[in-house]
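Here the structure is laid out as structure tokens; the discussion comes afterwards.
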Amino acid sequence: MPRSAVPIAVLALDATCAAEARATLDAAGVAPSVATVTEGPAARERGPVLFVASSIGDLPLDALASSPDRDYLLVDDVADELVVRVELLRKRSARRRSRREAAEKLRDSAMQLTWAIHMAETLDALAQTATGGVRELMGAHDALLVIPSGPDGAKDPIPNVSWSARDGRMPHLGELIAPLMPSCSTRDPNERWTAAPRLDDERVATVDPAQAPELQRHLFAGAEAGQFTVVPVDCDDGVTGALVVADPPTAHRTAFERSLLAYIGIQIGRAASELWLRDRERYAREQLNQTSSELQRLLDEMDELGVVIRSIADAVNVGVLFYDTENHPKLHNRTVETFLALAGFDPVTGLSSHVYASDRRTRVKQDKNIISETIEGDQRGLIYWIGDPEGEQRAIITEAHTIARPGGERLGSAVVTYDVTDLANAIEIREEYLATVSHELRTPLTSIVGYLDLIADSHDVEALGFGKEFRTIQRSAEQMLTLIRDLLSTSTHDLALRIEPTDVSTLLTQSVSAFRPALAESHQKLELHAPQGTVLAHVDAGRVKQVVDNLISNALKYSPESGVITVTLDRDQTSVIIAVADNGRGISKSDQVRLFDRFFRTREVREAAIQGVGIGLTIVKAIVDAHGGTISVQSEPGHGSTFTVRLPLRSEATPLSNLPMQP
């Protein structure tokens, strides 16, 4: 509603002026609602005032200059000009009042628009509200808005949220107004513009449409274009968009309208930033909820997996212990608890009172921790008996395995303890059986061999006509006796050595010479390569010769006719090296793993029905181990084999366990 007109106050500064003014107004028929005469000093505070004074010097200059709704008239001119001056002042005041009311209405509408902008739920809704509101508010031909969809949009030269009040969403609007868009290189608004003039005091720029010809043709479609009013839209993180008001040629934006546009641009930027923040918060909440759900799922899976793993670990007849990187026990299964109870484990000291060696009687030293030694790799694979010898005892073997992440980071060690009681008992029974049978067979065979020797010494078997048969019987009996002795050797846990200085070169020459007579029928060739002079080593000569004889015998046995067997002798600063090579059938990698196991024979040898029982290499390894040496084999199927024995130049005469307890 427009406000009612305020009457013009004619302020006469003296009585003469007042009388003249009243007379003039009355004569002209001016109603009191239009103008009233007041006599006195300049005391009127508001509304239009016309001062009437006798002279210029009487005028109150401060009051006259305090408002644009002020005018004056000298008393000599009242009769001629007072009515005209009153009418002019009344109309001028009415126009100002009308403009003021329109400005207030425009400001209120702008406030409502910014409120609606801040209430938008999405950037599209914000852009639609802002462009439509600005076009209606300013009576513009069109209003355009381009803002980034997020803080990272500043990296894209064409922001991706573009809207026109007339056409709605315009994906290519950014390209059309690109010449008018601000640059994001600085936060100084006057330095952000690439093509538009500098911003005025209201931070608004007026741009000639010719600077954006494509946009001009799109908006005005051939009609005469007016001007573009460009308002920067500043968002958070230095990201800038633009609000463009397209006006017809007749439009002219007042300073008040431009300041309102600048204010709306500021509010658009703040609203967009709030939406970005809300979207980031919503995304963060969604990510947090998703992460929490995933974490809970993983925790549930871990709990279920832990139950499954513990159930499986408790179900198997194998002891499983897990130690961290500091070798502190962290996890074990039920079987371990059984083993610890049998071993008399003391949790305070970490030691056990009932742990015995393979003979079941020799107590392991009280301060010896077999678990720690297993983790360190010192006692892996050895058999221990746990439990009181007067009660239940169990045989165990421990192995340690490193637990690590896929990247190689070590997490700890898993110690696995196997109960091998049944296997150990079976091996012991087998050992006793072999020893008993061998002893029982050796006694009659010794008698047979002895009487054969007696017959050979007291009778001429050739003259009696059965010399060939007699030698066959004698040779077979000797072979049987040798085999039984080997069986007895493998069933004996201690192998005694008689160490003495020995010329290994001479020893090898004797062994090679002993085999030469057997080479005539097979047409095989046996060569010896040894350095000149003496190769002296402190060994058991008889046992070393047994090693060489076994290796040469195997080479001859598994080599074809016309095959070549080479015996090589060498030495270095600490060892004497004996190698026996052949060009026979060779040995597969899988068979090499069990090559030194007792009674092991490859499938090819069994199918070929080659004579032997599979204890020769077992005896060889036992003798080499007893000397503190090593034996290795290099072989490929079809390319022969090379056995290499390394014996220390000085061996100590200490009995060593010649056979591990293996099936």
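The values are calculated or read from the model by the stated rules, or taken from the named source; none is laboratory data. Here the structure is a predicted model, which is why all the values come from computation and not from measurement. Here the Cβ positions follow ideal geometry from the backbone for every residue, glycine too, while neighbour counts run over all protein chains shown. Accessible surface areas use protein heavy atoms only, side chains included; no ligands, DNA or RNA. Shrake-Rupley method; radii C 1.70, N 1.55, O 1.52, S 1.80 Å.
What the table below lists for this structure:
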item	result
Region 261-315, residues that are of a type in the set (Asp, Glu) and within 30 Å of Lys330 (Cβ to Cβ)	Glu294, Asp300, Glu301, Asp303, Glu304, Asp314
Inter-residue pairs, beta-carbon under 8 Å, first surrounded by 12 or more Cβ atoms within 10 Å (Cβ to Cβ) and in region 60-80, second basic (Lys, Arg), 6+ apart	Ala63/Arg44; Ala63/Arg70; Leu64/Arg70; Asp69/Arg92; Asp69/Arg96; Asp71/Arg85; Leu73/Arg85
Output for region 522-534, where each listed residue is in contact with an Asp or Glu (Cβ under 9 Å, 6 or more places away or on another chain) and within 23 Å of Asn554 (Cβ to Cβ)	Ser522, His523, Gln524, His529, Ala530
For Tyr323: the one exception among (1) more than 30 Å from Val355 (Cα to Cα); (2) buried (at least 19 other Cβ atoms within 10 Å of the Cβ)	(1)
Top-ranked residue in region 575-586 [being part of a loop (DSSP other than H, G, I, E, B) and not small (Gly, Ala, Ser); ranked as farthest from Phe643 (Cα to Cα)]	Arg585
Scan of region 529-553 for residues that are touching a strand residue (DSSP E or B) at 6+ places or on another chain (Cβ under 8 Å), open to solvent by less than 50 Å² (accessible area, probe 1.4 Å) and over 21 Å from Pro501 (Cβ atoms), ordered by number	Leu551, Ile552
Among residues of region 392-403, those that are open to solvent by less than 50 Å² (accessible area, probe 1.4 Å) and either within 36 Å of the chain's Cα centre (by Cα) or modelled with pLDDT under 80 (or both), counted	2
Residue that is modelled with the lowest pLDDT, among those in region 605-631 that are more than 17 Å from Lys557 (Cα to Cα) and open to solvent by 60 Å² or more (accessible area, probe 1.4 Å)	Lys621
Single residue of region 554-574 satisfying the filter (open to solvent by less than 30 Å² (accessible area, probe 1.4 Å) and either part of a loop (DSSP other than H, G, I, E, B) or in contact with a Leu (Cβ under 6 Å, 6 or more places away or on another chain) (or both)) that is modelled with the lowest pLDDT	Ser559
Filtered residue count, region 264-294, keeping only those that are touching a residue at least 24 places away in the same chain (Cβ under 8 Å) and open to solvent by less than 80 Å² (accessible area, probe 1.4 Å)	12
Any pair with Cβ under 8 angstrom, 6 or more apart, that starts in region 346-364 at a residue that is assigned to a loop (DSSP other than H, G, I, E, B) and ends at one that is of a type in the set (Val, Ile, Thr)	His354/Ile386; Ala357/Val364; Ser358/Ile383; Val364/Val355; Val364/Ile370
Residue satisfying all of: in region 14-44; more than 12 Å from Leu82 (Cβ to Cβ) and of a type in the set (S, T, N, Q); least open to solvent (accessible area, probe 1.4 Å) among these	Thr36
Residue within region 421-441 that is open to solvent by 30 Å² or more (accessible area, probe 1.4 Å), touching a Phe, Trp or Tyr at 6+ places or on another chain (Cβ under 9 Å), modelled with pLDDT of 80 or more and under 30 Å from Arg360 (Cα atoms) present	no
Failed criterion for Ala414 (all others in (1) touching a Leu at 6+ places or on another chain (Cβ under 9 Å); (2) at pLDDT 75 or above; (3) open to solvent by 30 Å² or more (accessible area, probe 1.4 Å) hold)	(3)
Hits in region 115-137 (condition: over 22 Å from Leu176 (Cα atoms) and either part of a loop (DSSP other than H, G, I, E, B) or open to solvent by 10 Å² or more (accessible area, probe 1.4 Å) (or both))	Trp115, Ala116, His118, Met119, Ala120, Glu121, Thr122, Glu136, Leu137
Cross-chain or 6+ apart pairs with Cβ under 9 Å, region 519-538 first and in contact (Cβ under 8 Å) with a residue 24 or more places away in the chain and among the hydrophobic types (A, V, I, L, M, F, W, C), then outside any loop (DSSP other than H, G, I, E, B) and open to solvent by 90 Å² or more (accessible area, probe 1.4 Å)	Leu519/Lys525; Leu526/Arg516; Val535/Arg571; Ala537/Arg571; Ala537/Arg650
Long-range neighbours under 6 Å by Cβ, at least six apart or interchain, first residue more than 24 Å from Phe339 (Cα to Cα) within region 411-439, second surrounded by 18 or more Cβ atoms within 10 Å (Cβ to Cβ) and modelled with pLDDT of 80 or more	none
Qualifying positions in region 494-528 - open to solvent by 50 Å² or more (accessible area, probe 1.4 Å), under 19 Å from Arg650 (Cβ atoms) and of a type outside the set (Lys, Arg)	Ala496, Glu500, Pro501, Thr506
In region 81-99, the residues that are under 16 Å from Leu25 (Cβ atoms) and surrounded by fewer than 17 Cβ atoms within 10 Å (Cβ to Cβ)	Glu81, Val84, Glu87, Leu88
Total residues in region 96-148, condition touching a Phe, Trp or Tyr at 6+ places or on another chain (Cβ under 6 Å) and either within 17 Å of Ile266 (Cβ to Cβ) or without any contact (Cβ under 8 Å) to a residue 24 or more places away in the chain (or both)	3
Residue ID - surrounded by the most Cβ atoms within 10 Å (Cβ to Cβ), chosen from residues in region 100-110 that are hydrophobic (A, V, I, L, M, F, W, C) and within 60 Å of the chain's Cα centre (by Cα)	Ala110
